Structure formats: C-alpha cells, structure tokens
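Below is one structure, written out as structure tokens, with a few remarks after it.
Bear in mind that the values in this text are calculations on the coordinates, not laboratory data. Keep in mind it's a predicted model, so treat the numbers as computed, not measured. In this analysis, Cβ positions are derived from the backbone assuming ideal geometry, glycine residues included, and neighbour counts consider all displayed protein chains.
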Amino acid sequence: MMTRSPQGRTSRLTRPSIAVAAAVAVTAGVVAAAPDAKTAEPSPKLSLIAATTSVTLDSWKEDPGVYLDLGTYLTSENGAFELKVTRKSYKDPVVATQVLRNGKKTTTKALPAGLVKDFSGLPDFAQISVTDAAGKTVLKQTEAFCPNNASGRVRPDAPANSKYPQSCPVNPFTLGSVWGVENGWASNTYAGYYAQPVKLAAGTYTAKISVTKKYRDLFGIANKPQTVKVTVRERSWEEEEQGGDASARSAAPRSSTSAKSAAGHQGHGGHAGQHGGHEGHQQAADAPAAAHSGNAAASAHAAHGAPARPEAPAARTTGATPTFNVGHGPYPPAPPALPWALKKESLQRQAFSAAKVGDRPGQTDGSRQAPAAQPNAKRPTGKATVPDVPKPDLRSLPAYGITVSDGYEDDPGKDYLAFSANVWNAGPAKLVVDGFRSPGKELMDAYQYFYDAKGKQVGYTPTGTMEWDPRPGHEHWHFTDFASYRLLKADKKESVRSGKEAFCLANTDAVDYTVKNANWHPDNTDLSTACGQENSISVREVLDVGSGDTYTQDLPGQSFDITGLPNGTYYIQVLANPENRLKETNYKNNSALRKVVLGGKKGARTVKVPAHDLVNAN
C-alpha cells in the first residue's frame with residue numbers, strides 16, 4: 001500500500017526540451033560535426049570538454065561543504081558510446097561490455113574484469129585537482145562517471161532524443177543496466193547522487209579536470225585536461241529565512257550546486273551519511289524516521305506538510321540524478337538534472353522554472369516528464385479471456401534498508417523491524433491493470449490486460465480490486481494482493497505477516513534493462529499522478545518490462561511488529577503475486593528471502609543483516 005506524494009520519488013525519462021534546446025544553443029560548435037557515415041570509424045570518439053570557464057559553488061553555514069559540479073562533459077562522436085553492465089546472479093560479479101554499432105553490424109568488447117564493481121558508473125573516471133589563489137593544491141580526488149548523466153546535444157544535427165536511460169540505478173540488487181552517451185551528445189562527468197561534499201573555504205580556486213589514464217587508454221580519449229575557475233561563497237539558511245543577504249539570493253541562479261543544498265540537505269548528503277555510501281535506491285528515502293505503521297505522522301509532515309526550511313533556488317545543473325526515482329517514500333526527490341549548457345542569460349529564467357526541485361503533477365525529479373498511463377475509457381466488455389501471448393514475469397528482490405525502531409510516542413512499548421522492498425517485471429510483457437469504480441462504491445474493480453506483439457489489446461481478465469489508502473505517505477489507489485511481506489523463523493516457517501498487501505504500481509527502479517523488451521523510457525513513473533486521486537473514477541497502473549516498484553522502510557506497513565519475538569535468526573520474505581491473481585509467465589520465482597539476526601532487548605532491539613551473496617547492503 002503505497003502512495004505517491006508530490007514529493008515522493010520516481011519517474012522516468014523524457015528529457016526536458018529546455019535542456020536539449022539550450023544544449024544546442026550553447027555548445028553547438030564546441031565539437032566538430034561528425035564525419036560522413038561512409039567514413040565513420042567503428043568506435044566512437046570520446047572527448048572531455050568544459051561548457052564554461054567558471055562556476056560558483058555554495059557552502060552553507062549549517063552544513064558546510066560544496067559539491068564539485070564543475071560543468072565538464074564527455075562528448076561522443078562517430079557513433080554512440082554504449083556499455084552493457086550486468087551480473088548473472090548475486091553470486092557473480094558485475095561485468096561490463098562495450099557495444100559497438102557500425103550500420104547494421106553490432107560487435108562487443110569486454111571491459112577488463114573488475115573494472116566495474118556496481119551499477120553507479122565507471123569508477124575513478126575523472127581526476128579533479130583544486131588549487132587555491134596562492135597556487136597550493138588543496139584537493140585531489142577521483143569521481144565515478146555515469147554515462148547516463150544529465151546531458152544534451154553538442155551539435156544541431158545530432159539525434160533530437162537520446163535512446164539511453166537518464167540515470168544509473170542505485171538499487172543494491174540491480175541485475176542489469178545500459179549506459180550510453182548518444183552520438184553528438186555530451187554527458188556531465190559530475191558524480192551527482194554519488195558525490196560527497198568537500199570542504200573549501202569561501203574564496204577563489206582553480207580546478208583541473210581530466211580523464212584518468214586507464215580510461216584514456218581503454219577508450220582512446222585524448223589527454224586534454226580542462227581548467228575551470230571556481231568561486232566558493234558562503235550562505236546561510238537562517239539569514240535567507242530572515243530575508244537576509246539579498247546579493248546572495250539574487251546571485252543564486254548562477255550557482256551550480258544550490259540544488260544540492262536544497263534537495264541535498266535532506267535527500268542527498270543527509271541520508272547518505274547514515275547509510276554509508278550508495279546502498280540502494282533509497283538512500284535519500286531510507287532515512288530513519290517513520291519506520292512502522294504506527295509512526296506515520298513523521299512521514300506525513302515530510303510528504304505533505306511545509307518543508308522545515310525554504311528551498312534554495314534550483315541550480316542549472318546538478319549532474320546525474322543517477323536514479324530516475326527513489327521509490328515510494330515521503331522524502332524529497334533527487335535534484336534536477338539539467339546540463340551546464342543552460343548558460344545563456346536569455347534562457348536562465350526558463351531553466352530555473354524547469355529545474356524547480358520537487359515533484360508536481362506530470363513532473364518528477366525536476367527535469368523529466370512522466371505522465372501517468374491512462375486507463376481505457378470504459379470497462380472491458382465481452383467474454384474475459386487469457387490469450388496465448390507474452391505475459392509479465394513478476395519477481396521479488398531481497399529486502400534492504402533494514403532497521404529497527406521502537407514505537408515512539410505513537411505506539412509506546414512496541415518494537416518494529418522496518419525494511420524496503422521491490423517487486424519487478426522481468427517481462428517479456430508489461431503488467432497493465434485498470435481499476436474502474438462504480439458510482440458511490442469504495443472499491444474499484446480491477447482488470448489485467450493482455451497485448452499481442454504489435455501492442456494491440458487481445459484479452460483481459462478480472463483480477464481483484466483496488467482500494468483507496470488514506471494514510472499519510474500513501475493517499476492513492478492500491479491494487480490488492482500484489483505482494484506480501486512475511487517474517488519467517490530460522491526454519492523458514494512464518495512467524496509474522498505484514499498487514500500490507502496492496503500497492504500502487506509504478507516504475508520506480510531500473511532493475512534490469514538488459515532483459516528482452518525492456519523499456520528504457522517507461523511512463524507511469526510520476527508519483528504525483530500514477531495512482532489516482534481520492535475522487536478518481538478510474539486508474540491505470542503499469543509495471544513495465546525491466547522496471548521494479550520500490551516501497552521504502554519509512555512508509556506505513558513496511559515493517560513487522562517484533563515486540564514479542566525472541567532474539568535469533570529470521571528471514572524477511574518478499575512475495576510477489578501471493579494469491580496468483582495476476583497472470584504471468586512463471587509463478588516459481590516470486591519469492592525472495594533476506595536473512596536477519598535480531599538481538600538486544602525490548603525497547604532497544606538490534607538487527608544484523610549479513611551480506612546476500614556478494615551484495616553487502618543492509
């Protein structure tokens with residue numbers, strides 16, 4: 001039972017037209033036009049460029065540190081730069097392969113074993129060196145590069161849209177991803193969601209950015225470092241809340257990292273520190289707060305109440321937004337992903353409007369349009385049939401984001417085990433469920449639809465109901481019996497069952513974009529609109545091929561009451577389609593188990609979460 005709040009996360013792609021247009025206007029001519037197709041080399045030509053010679057970065061007194069979004073991009077010419085990243089199972093390492101396309105001919109090139117360790121991008125890709133005004137080196141570090149980062153065209157004859165996903169997945173149990181820089185496009189080298197702030201005092205600096213030697217050698221990138229002047233200024237939330245520094249406010253639109261300060265205070269650095277890095281899609285959403293069904297109030301305030309502090313103006317760019325969403329959860333979405341090419345004064349006001357931090361109807365991470373799927377105009381008629389056509393394959397990921405908490409003032413004397421869970425669709429067909437409401441009825445009647453290879457609807461079947469969930473953190477229509485959570489004893493017999501079995505379906509996570517028919521640009525990802533309103537007469541909920549739906553541990557129902565359970569070993573079971581109401585290709589792979597060890601005493605319970613094969617994420 002989840003809900004998509006306006007600040008909930010999620011969504012998928014469709015790059016903002018303003019970003020594309022601006023990229024063309026500003027960067028066109030920086031890179032020469034691609035050669036004639038007949039003479040094009042089979043390998044793409046990659047180059048590091050700087051879209052600007054100077055940036056202004058903000059350091060907030062309440063949370064000192066700046067994010068090094070320096071406006072450098074990797075361009076791809078003579079073809080797209082494409083990588084396929086996958087693992088056979090959680091017992092196998094992540095491997096990466098470069099895909100080379102030359103007309104109708106496609107070849108592959110395996111990257112060195114161990115080069116890529118997860119799905120966040122190419123590790124240690126960019127080398128950054130910062131010197132102060134006296135020429136003293138004050139910082140040296142490397143950052144990972146997600147080719148799917150915020151990007152735009154570098155020449156007007158490049159494809160109008162990139163075929164690649166807009167982010168690198170952060171769910172710890174991701175199975176496969178596709179990364180790419182479209183031909184004639186540029187991708188921001190800033191590490192975005194994965195970046196850590198660095199301590200730099202207010203003042204002026206010079207940053208030198210280059211591609212590390214191993215990647216220059218591997219991909220044939222010229223050794224041409226870029227130099228960018230950096231101005232660090234100090235700002236204060238307290239002063240701005242009191243209407244303080246007018247000059248800082250007026251200059252804010254020229255800051256390249258204020259969005260990190262706005263969304264990052266809560267959704268980036270604040271929670272990443274608690275979870276030690278990027279352990280999954282929910283770092284921004286897995287924060288500790290309301291972890292059980294009795295503690296919804298804290299979530300409600302974050303999701304539907306006024307923010308504790310006003311948002312800073314959004315920046316032109318925040319880099320990657322390596323995930324198009326962060327699951328069902330009340331915390332702020334990832335910052336907007338707009339290219340540094342939005343530099344022209346004439347476009348700044350439009351850019352800032354497009355980059356406003358926060359979800360709203362039809363828009364999710366501040367840059368992607370993600371409209372909800374529309375249900376059929378009328379209930380299905382005729383005989384219900386389940387034709388012999390491709391169907392979805394629902395699978396569960398192991399639970400993660402696991403924590404314990406007490407009942408707080410809402411439920412004193414209780415102990416809870418909270419967790420995040422994901423059910424995904426391995427295809428080869430998407431799951432489509434429509435709900436229709438009879439006037440005056442509280443429940444909607446739900447139907448599953450089936451499609452042929454050309455996308456024509458060829459059948460349907462009744463599949464239960466949808467119900468309105470009024471709880472803060474939800475407040476949308478949930479399809480019943482989509483999944484079930486159970487806490488099993490060491491002998492794997494049921495000990496506790498969660499009351500949550502109804503869900504709002506949306507494509508929050510790219511679990512495996514290498515499966516057959518995976519949709520890299522799915523709709524139905526906007527938490528503001530995907531699951532309807534209280535007065536909706538009909539709703540369509542979709543789980544597309546390759547995508548999963550995450551419910552985070554801060555939501556009501558994402559927990560077990562462990563007050564009376566003895567310490568020891570247990571298993572969290574995430575079970576998709578528990579009553580087999582939905583028609584799918586395989587019912588034998590719907591369960592996933594995650595081992596946990598409970599300890600401590602009442603009011604101070606503890607949990608240890610062993611690694612799941614090679615995945616060590618709690």
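In table form, for the structure just shown:
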read-out: Sites E234 and T204 - FRET efficiency at Förster radius 22 Å, r taken between beta-carbons, to 0.05; value: 0.95
read-out: Gain in span if fully extended, Y90 to K441, counting 0.36 nm per residue against the direct Cα distance; value: 121.8 nm
read-out: Shape of segment 563-618, Cα gyration tensor, a/c cut at 1.5; value: oblate
read-out: Within segment 123-167: backbone nitrogen closer than 14 Å to the K117 label point (7 Å, Cα to C-beta); value: 123-125, 142-145
read-out: Amide H within-cut-off set for K45, under 5 Å, with H built and near neighbours excluded; value: E77, N78, G79
read-out: Nitroxide proxy distance, nm - points 7 Å out along Cα→Cβ at L218 and T131; value: 2.9 nm
read-out: Whole-Hz couplings from phi, Karplus 6.51/-1.76/1.60, listed for segment 591-602; x for Gly and Pro; value: 10, 9, 10, 10, 6, 9, 10, 8, x, x, 9, 3
read-out: Amide hydrogen neighbours beyond the local backbone of C504, cut-off 5 Å, H modeled; value: M2, F479
read-out: Separation of alpha-carbon centers, segment 438-456 and segment 121-160, rounded to whole Å; value: 46 Å
read-out: ³J(HN,Hα) computed for each position of segment 412-423 - Karplus, 6.51 cos²θ - 1.76 cosθ + 1.60, integer Hz, glycine/proline x; value: x, x, 9, 10, 10, 10, 9, 7, 10, 9, 9, 10
read-out: Cα-projected label distance for S591 with A604, points at 7 Å along beta-carbon direction, nm; value: 3.7 nm
read-out: Ordering of 175-186, 442-453 by packing [mean C-beta count within 10 Å, highest first]; value: 175-186, 442-453
read-out: Kirkwood Rh, Cα atoms: Rg over Rh of segment 378-465; value: 1.18
read-out: Taking only Cα atoms of segment 124-235, radius of gyration then Dmax in Å; value: 16.3, 48
read-out: Length released on extending from V389 to V99, taking residue separation times 0.36 nm less the Cα-Cα span; value: 101.3 nm
read-out: Residue-by-residue Karplus 3J(HN,Hα) for segment 604-609, coefficients 6.51, -1.76, 1.60, Hz, glycine and proline x; value: 8, 6, 10, 9, 10, 10
read-out: Trypsin sites (Lys or Arg not before Pro) lying in DSSP loop within segment 62-150, provided at most 14 other Cβ fall within 10 Å; value: K88, K91, K104, K117, K136
read-out: Under 5 Å, built H, 5+ apart or other chain: amide partners of F125; value: E143, A144, F145
